[in-house]
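Trainee: Could you have a look at this structure, given as structure tokens, before my questions?
What follows draws every value from the coordinates through simple rules; no lab data is involved. Please read all numbers here as calculations on a predicted model, not as lab measurements. Glycine gets a Cβ as well: all are built from the backbone with ideal geometry, and neighbour counts include every protein chain shown.
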Amino acid sequence: MIDEKTDGTALPEHGLPAEQVLDEIRALRAADRPTHGGTLFAYVYDPAVPGLDELAATAHAASVHVNGLDPTAFPSLLAMENALVGAAARLLGGGPGSAAPDVVGSVTSGGTESLILAVKAARDARPHITAPRLVVPSSGHAAFAKAAHYLRVALDVVPVSPETLRPDPAAVAAAIGPDTVLVACSAPSYAHGVIDPVAEIAEAAAAAGVRCHVDACFGGWTLPYLRRLGAPVPPFDFTVPGVTSISVDLHKYAYAPKGVSVLLQRDPALRAPQYFAYADWPGYTMVNPTIASTRSGGPIAAAYATVRHLGDDGYLRLAAVTRDAVAGLADAVRGVPGLRLVAEPESTVVCFTSTDPGLDLFVLVDELTVRGWHTQPQLTYADLPASVHLTVTAAVAPRVAEFGPALADAVAAARAAGPTDLPPELLALAGTLTPDSLTPDLVAGLAAGLGLGGAGGDAPAGPLPGRMAPVNTLLDAAPPALRERLLVEFVGLLQRPHW
Ligand SMILES: Cc1ncc(COP(=O)(O)O)c(C=O)c1O
């Protein structure tokens, strides 16, 4: 909790000593999930390489005040960006002597920005299309929906099979129409870690004269290494004809600190409409390849240092360690009656569901949290069951042997506790309410009933409830539109100053 002396704001009347400020931050950080140590299976990517954090922090500090706004003023940043783009391109089938010799790219702040820019470039390349559309499998990352929303591009969502978790390429082809500006697919999908049939999808897109983006934000930096280690990774990169752009996040499996992704375009002409340039005002002429204009050099320098320090051999070693951890975690899941892998792991995700109505997944997630294992619940979607997602990174490897017994123990506790017992009228409400019928009073009542902090009007927002199963159960009972509205309302209760 923030010390009362802060008066709920960051601005004290008199400046505070540095050590005191750092103590405050350390105290606040104590409430966070553990970013290191291999027990948090989402949000963080930890290679557990000694000294890497210190190196990245030093590099970050060296460039933090450099501004990516103008590459001519700060050639250091331009050089590092070009080198990172080159590394990503090489890894993903581009560069001199490859099938994509003219590949270019941009360093963005993250996967979402890369996807928004891929959609923007595709949209703006076809200005005569007044109602542009984006075809994406339902397993595509939510950031595609965000891009479509921000850019006023309509979404054509192609369902994935509940068995393979992949779209039928014929259905993707059928969804492409005259107003389609982009077809997207994933390598792999975040939710289940499966690789879409990229070659078939790209072929269909090319046949229709439409761009095809491969979202390799999650796995683009590991799949090439897994393939080199012998995994049967299908072609998904620029070696596939028809793939026009690829995104890969360096703050995921390149193990760079947060704030860095790369968006590659097969050639400069494809990238041109991604830029925004403006000279029709009295200030400096502006030309931005990305959404932000002023950009700190810190994350880019940190990524550059990370990639240079780990090197190709380092990433190969980390991929091997991660692959073995994935296998160990999947075995642990297979060993527990009542659990089923949603997909056989083919990248660095382990995703499982419950086959037993007496074993409530959301309760299980809470039981795992109590035991120090932080997993990510995924809600029921269409004909896909609710599931538990594990993003596996190299840091998990030394902990794998502990996970099986913890999982078995948590499952036993979840069975003993039984499924979440929300009042039937609450569940009925979740099934029947429309987003528009939610009033502030209703939201406050729901939030208070679920123990969400700040729900009591003027009461200071407390921490989140110790157990999230009631919240997840309520959301799970609601259709997506109501889930979205409830999420906005609930998170809005948390995100406000606490005077
Ligand atoms: C496949 C995929 N695409 C896009 C994103 C969005 O990335 P970010 O959270 O960096 O914006 C993610 C994040 O997990 C992802 O896994």
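Trainee: Of everything in segment 243-258, what is in a loop (DSSP other than H, G, I, E, B) and either crowded, with 22+ Cβ neighbours inside 10 Å or within 10 Å of the ligand (Cβ to nearest atom) (or both)? Give them in sequence order.
Mentor: Result: VAL243, THR244, LEU250, HIS251, LYS252, TYR253, ALA254, TYR255, ALA256, LYS258.
Trainee: So which of PRO289, PRO234, PRO224 is more than 15 Å from the ligand (Cβ to nearest atom) and free of Cβ contacts under 8 Å to residues at least 60 places away in the same chain?
Mentor: Testing whether each residue is more than 15 Å from the ligand (Cβ to nearest atom) and free of Cβ contacts under 8 Å to residues at least 60 places away in the same chain leaves just PRO234.
Trainee: Now for a separate question. Could you tell me whether segment 389-402 includes any residue that is under 26 Å from THR35 (Cβ atoms), in a strand (DSSP E or B) and of a type in the set (A, V, I, L, M, F, W, C)?
Mentor: First, the residues of segment 389-402 that are under 26 Å from THR35 (Cβ atoms): 389-402.
After this cut, where a residue has to be in a strand (DSSP E or B) as well, the list is 389-391.
The next check asks that each one be of a type in the set (A, V, I, L, M, F, W, C); those that pass are 390.
Yes, segment 389-402 contains at least one residue that is under 26 Å from THR35 (Cβ atoms), in a strand (DSSP E or B) and of a type in the set (A, V, I, L, M, F, W, C).
Trainee: Continuing with the same structure: Within segment 482-499, can you find the residues that are without any contact (Cβ under 8 Å) to a residue 60 or more places away in the chain and in a helix (DSSP H, G or I)?
Mentor: Residues of segment 482-499 without any contact (Cβ under 8 Å) to a residue 60 or more places away in the chain: 482, 484-496.
Selection gives LEU482, GLU484, ARG485, LEU486, LEU487, VAL488, GLU489, PHE490, VAL491, GLY492, LEU493, LEU494.
Trainee: Hey, among the residues in segment 123-143 that are within 16 Å of the ligand (Cβ to nearest atom) and either in a helix (DSSP H, G or I) or among the hydroxyl-bearing types (Ser, Thr, Tyr) (or both), which one's farthest from GLY220 (Cα to Cα)?
Mentor: Ranking the qualifying residues of segment 123-143, first place goes to SER138.
Trainee: Yes or no: VAL107 within 30 Å of ALA79 (Cβ to Cβ), in contact (Cβ under 8 Å) with a residue 24 or more places away in the chain and more than 15 Å from the chain's Cα centre (by Cα)?
Mentor: Against the criterion (within 30 Å of ALA79 (Cβ to Cβ), in contact (Cβ under 8 Å) with a residue 24 or more places away in the chain and more than 15 Å from the chain's Cα centre (by Cα)), VAL107 qualifies.
Trainee: Further question: Looking at ALA99, ALA79, ALA118, ALA89 in this structure, which one is more than 13 Å from the ligand (Cβ to nearest atom) and crowded, with 21+ Cβ neighbours inside 10 Å? First the steps, then the outcome.
Mentor: Details: ALA99 fails: crowded, with 21+ Cβ neighbours inside 10 Å; ALA79 fails: crowded, with 21+ Cβ neighbours inside 10 Å; ALA118 fails: more than 13 Å from the ligand (Cβ to nearest atom).
Just a single option satisfies the conditions, and that option is ALA89.
Trainee: Got at least one residue in segment 44-56 being touching a residue at least 60 places away in the same chain (Cβ under 8 Å) and under 24 Å from ASP267 (Cβ atoms)?
Mentor: No, segment 44-56 has no match at all.
Trainee: Within segment 198-205, can one find any residue that is closer than 23 Å to SER261 by Cα and touching a helix residue (DSSP H, G or I) at 6+ places or on another chain (Cβ under 8 Å)?
Mentor: The answer is no; no qualifying residue exists.
Trainee: To continue, here is another question. Do we find that ALA205 is surrounded by fewer than 22 Cβ atoms within 10 Å (Cβ to Cβ), over 23 Å from the mean Cα position of the chain (by Cα) and either more than 11 Å from the ligand (Cβ to nearest atom) or part of a loop (DSSP other than H, G, I, E, B) (or both) in this structure?
Mentor: Against the criterion (surrounded by fewer than 22 Cβ atoms within 10 Å (Cβ to Cβ), over 23 Å from the mean Cα position of the chain (by Cα) and either more than 11 Å from the ligand (Cβ to nearest atom) or part of a loop (DSSP other than H, G, I, E, B) (or both)), ALA205 does not qualify.
Trainee: Restricting to segment 276-307, name every residue that is under 15 Å from SER109 (Cα atoms), in a loop (DSSP other than H, G, I, E, B) and not β-branched (Val, Ile, Thr).
Mentor: Hits for segment 276-307 are PRO289, ALA292, SER293, ARG295, GLY297.
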